[in-house]
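Since the structure comes first, as structure tokens, the remarks are kept for the end.
Throughout, read-outs are computed from the coordinates displayed, never taken from laboratory work. As the structure is a prediction and not an experimental result, all values here were calculated from the model. Cβ: placed from backbone, ideal geometry, glycine included. Neighbour counts: every protein chain shown.
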Amino acid sequence: MTDTADQLPELGFYGLAGHSGTPADLLAEVRSGEELGLGAVFLSERFNAKDAAVLSGAAGAVSTRLGVATAATNHNTRHPLVTATMATTMHRLTGGRFALGLGRGFDFLFDVIGAPRVTMAQMADVIDIYRRLWHGEAVMGHEGPAGRFPFLQQDPGFDEDIPVLVVALGERTLEWAGGVADGVVLHTFFSDDATARSVAAVRRGTASAGKDPDAVRIWSVLATVGDHLDEEARLRKLVGRLATYLQGYGDLMVRVNGWDPEVLERFRADDVVRSIGGAIDAVATVDQLEAVSKLLPDEWLAAAATGSPDRCAEVVQAQFDLGVDSVILHGATPEELAPVLTAYRRLPRPAVADRCGANPGWFR
């Protein structure tokens, strides 16, 4: 285990980053991440072999120090009592290292599977329900944006402090998140300007809610794809990942970053892109990835940590100058991140690192 003095609580990683059909791989990643001194593992959810509750339990079971967070699950896919119970179980299982991360998800997906679309009003309502349940309250006769619930209760003896993270992209949602959440997770491939504006939006929302603007912990998400990885891995983790986001919600990514929308239209119209039957980072061949790379401007791909491990570490360090409190190194396993972490430890640590504890949802 890494010495306590070498812990990096201000840095996290995504478990099973991208697509994975072998969830057991998470066990080794969590052990490795903890050994390398990373602060937290974040767990995304896909409706195949990446259930957030199961993965959280697995991560908690094989770690003793690492923070664990869903980033994100959706409130509308589980009954509030089920989600609240999952969070309480994880909170106690990990000795307080768990944070419940929620996101709005995608309207198109919810329409297809017959689930209700998510609104900020619903999320605010359900977060309030969770917190009341965690503190032993009985929720009776509730009728609100999150639904109608005649009676909800976990245990009247509960008094659990469990942080809630919100994963968001647009400034309006980020400002709202600053008011209701304990922590906020930004998005991969944000330009420096977009990151700084996003931080400002969260801080505005926190202040408007009457909270200390610095009380909400903000995580940036930085694709970290060093030259020490092989060429195919770099293509898939950088070009393929950004291209997959553009497939899913390209208009929002372009709007947030102030990128040229005509480039997005050319990307969508390209024959190679249209021929790829699925998520580009998962199913594209190397030749297809190389063709896609020619469609993406250098400016777009520059919103990541690339180059030598030393250069990647410098880009990670620069994130803190944009106002974030912590950084998720996205797209690579802990073992793939090891050279970057070695280089990062040679740089001056951000002052905020002293405030960062094991739970990724808030500060010490």
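Report the relative contact order of the chain, percent, no decimals, based on alpha-carbon pairs under 8 angstrom and at least 6 residues apart. Before the final figure, lay out each step's value.
Numbers: 718 pairs, mean separation 71.5, N = 364.
This gives 20 percent for the chain.
So between Arg204 and Asp354, what do we pick up on full extension, going 0.36 nm a residue minus the alpha carbon distance?
Details: separation 150, 0.36 × 150 = 54.00 nm, distance 2.36 nm.
The span from Arg204 to Asp354 would gain 51.6 nm if fully extended.
What are the equivalent ellipsoid semi-axes of the chain, built from the alpha-carbon gyration tensor (square roots of five times its eigenvalues), in whole angstrom, biggest first?
Details: eigenvalues 193, 120, 78 Å².
Over the Cα atoms of the chain, the ellipsoid semi-axes are 31, 24, 20 Å.
Thr285 to Gln247: FRET efficiency via 1/(1 + (r/R0)^6), r the Cβ-Cβ distance, R0 22 Å, to the nearest 0.05?
With R0 = 22 Å, the Cβ-Cβ based efficiency is 0.85.
Using the alpha carbon gyration tensor of region 282-364, what are the three equivalent-ellipsoid semi-axes (square root of 5 times each eigenvalue), largest first, in whole Å?
Details: eigenvalues 167, 40, 38 Å².
Working from the Cα gyration tensor, I get semi-axes of 29, 14, 14 Å.
What ranking do Val352, Val221, Val82 get, fewest neighbouring Cβ atoms within 10 angstrom at the top? Let's see the in-between values first.
Numbers: Val352 18, Val221 24, Val82 11.
Least to most surrounded, the residues fall as Val82, Val352, Val221.
With charges set only on the Cβ (+1 for Lys and Arg, -1 for Asp and Glu), what does the dipole of the chain come to about its Cα centre, in debye to the nearest 20?
Result for the chain is approximately 700 debye, rounded to the nearest 20.
Looking at the P(r) of region 230-307, how many percent of alpha-carbon pairs lie beyond 15 Å? Walk me through the intermediate numbers first.
Numbers: 1497 of 3003 pairs.
Roughly 50 percent, once rounded to a whole number.
Note down the relative contact order for region 230-307 as a percent, whole number, built from C-alpha pairs under 8 angstrom at least six residues apart.
Once normalised by length, the contact order is 41 percent.
Once amide H atoms are built 1.01 Å from N in the peptide plane, which residues 5 or more positions from Glu160, or in another chain, come under 5 Å H to H?
Amide H to amide H, under 5 Å and 5 or more residues apart or across chains, Glu160 pairs with His135, Gly136.
Taking the alpha-carbon distance from Lys237 and a cut-off under 30 Å, which lysines remain once sequence neighbours fewer than 8 residues away in the same chain are dropped?
The reachable lysines, counting only those whose Cα sits under 30 Å from Lys237, are Lys50, Lys294.
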